[in-house]
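The values are calculated or read from the model by the stated rules, or taken from the named source; none is laboratory data. Treat the numbers as computed from the prediction; the structure is a model and nothing was measured. Because the Cβ atoms are built from the backbone with ideal geometry, glycine has one as well, and the counts that use them run over all protein chains shown. What goes into the accessible areas is simple: the full protein's heavy atoms, side chains included, and nothing from ligands, DNA or RNA. Shrake-Rupley method; radii C 1.70, N 1.55, O 1.52, S 1.80 Å.
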Amino acid sequence: VGEQVLLKCSFKSSSPITESLLVDWTYRPLSGGQMETIFHYRSVPHPTTAGRFKDRISWVGNVANGDASIAIQSPELSDNGTFICSVKNPPDV
């Protein structure tokens, strides 16, 4: 709690990394409920502009190195849940 947390995500692709590469981070609270997209990357980072993680997510990845990690500032116990990183690099998924 209170210290920045790093959510690591690494990937490998059999296709060259292009501007078509997409990264989506989704989150579901421990209490359940709907998955929500909290971060999107396509050429440039697009952190969420609403919800519990608004203004607290930063991109720390480097897609050229197979890294799609993000960081969350000022985490709270209520942020606990399931975080899923999805990377698509057409035609490779």
Could we say that R28 is of a type in the set (K, R), open to solvent by 90 Å² or more (accessible area, probe 1.4 Å) and at pLDDT 95 or above here? yes
Restricting to the stretch 33-47, give me the number of residues that are within 18 Å of K8 (Cα to Cα), among the hydroxyl-bearing types (S, T, Y) and open to solvent by 50 Å² or more (accessible area, probe 1.4 Å). 1
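Mind checking whether some residue in the stretch 66-89 is in contact (Cβ under 8 Å) with a residue 24 or more places away in the chain, within 24 Å of G2 (Cβ to Cβ), charged (D, E, K, R) and assigned to a loop (DSSP other than H, G, I, E, B)?
Looking for residues that are in contact (Cβ under 8 Å) with a residue 24 or more places away in the chain, within 24 Å of G2 (Cβ to Cβ), charged (D, E, K, R) and assigned to a loop (DSSP other than H, G, I, E, B), one finds at least one in the stretch 66-89, hence yes.
Filtering the stretch 1-25 down to residues that are polar (S, T, N, Q) and part of a loop (DSSP other than H, G, I, E, B), which residue is surrounded by the fewest Cβ atoms within 10 Å (Cβ to Cβ)?
Only one residue tops the list, namely S14.
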When you scan the stretch 8-40, how many residues do you find that are farther than 20 Å from N89 by Cα and of a type in the set (A, V, I, L, M)? 2
Of everything in the stretch 66-81, what is under 25 Å from R42 (Cα atoms) and hydrophobic (A, V, I, L, M, F, W, C)? Give them in sequence order. A68, I70, A71, I72
Residue in the stretch 48-70 that is within 23 Å of V93 (Cα to Cα), basic (K, R) and surrounded by 12 or more Cβ atoms within 10 Å (Cβ to Cβ) present: no
Determine the pairs where a residue that is within 17 Å of N80 (Cβ to Cβ), located within the stretch 33-45, has a partner that is modelled with pLDDT under 95 and surrounded by fewer than 16 Cβ atoms within 10 Å (Cβ to Cβ) with Cβ atoms under 8 Å apart, the partner being 6 or more residues away or on another chain. E36/G51; I38/G51
